[in-house]
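These notes concern the structure reproduced below.
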Amino acid sequence: MSLSHCGWSPWFGATLASPTDATQGQTCPCGTWVTQWRVWQAVGKVTLVGDKDPLNGIVAVCSNGAVLDVLPGLSGPGTAIGSPTGFQGVSGKFGRFLDSMYGLGGTGPTDYSFACQAGNRVLGFQVVTEAAAGAAVAKRVRVFCGSTTTCPGT
């Protein structure tokens, strides 16, 4: 699935609700954008729908150095990808859980892809998590797209 948008993207990931679901999110300060993503994996967690090593940590860094500590990783430095000019969308894989973003993380049976409108960048994100195996595991993600003069609220 590939879409183009300004503002909040649609949600990508599992839609099956759980009583332990929680949603959290943040956006970069006015005039800044996401320049780095850092993810952590629930290594060894496999589900019947094809997830392998889903994400249990997602953090973004803004162009001014502010950290969007939405779903902190449990230990270690995680795996990172950066772009000084920012990201113009999001992509990855999911199954029962959110397995990867930007090629970082585990594997899942379903691809997702989203592009911000031309000239816009990712300014923030939200994630839905589920308590699983003693930790919060990501189930769904969406990003906020806007121009460098956009001042979003979460």
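Considering only residues of region 86-114 that are of a type in the set (Gly, Ala, Ser), under 14 Å from the mean Cα position of the chain (by Cα) and buried (at least 16 other Cβ atoms within 10 Å of the Cβ), which is nearest to THR32 (Cα to Cα)?
That would be GLY89.
Restricting to strands (runs of 3 or more DSSP E) lying wholly in region 78-124: which have 2 or more residues that are aromatic (Phe, Trp, Tyr)?
110-116
Just wondering, is there one or more residues in region 55-74 that are in a loop (DSSP other than H, G, I, E, B), acidic (Asp, Glu) and open to solvent by 10 Å² or more (accessible area, probe 1.4 Å)?
no
Applying the selection to region 9-54, what residues are modelled with pLDDT of 90 or more, in a strand (DSSP E or B) and open to solvent by 60 Å² or more (accessible area, probe 1.4 Å)?
Hits for region 9-54 are THR23, GLN26, ARG38.
For region 125-151, which residues satisfy the criterion of being more than 15 Å from SER63 (Cα to Cα) and outside any strand (DSSP E or B)?
Answer for region 125-151, where residues must be more than 15 Å from SER63 (Cα to Cα) and outside any strand (DSSP E or B): ALA133, GLY134.
The values are calculated or read from the model by the stated rules, or taken from the named source; none is laboratory data. Note that the structure is a prediction, hence the values are computed from the model and not measured. Glycine gets a Cβ as well: all are built from the backbone with ideal geometry, and neighbour counts include every protein chain shown. Accessible surface is based on the protein model in full, side chains and every heavy atom, while ligands, DNA and RNA are left aside. Shrake-Rupley method; radii C 1.70, N 1.55, O 1.52, S 1.80 Å.
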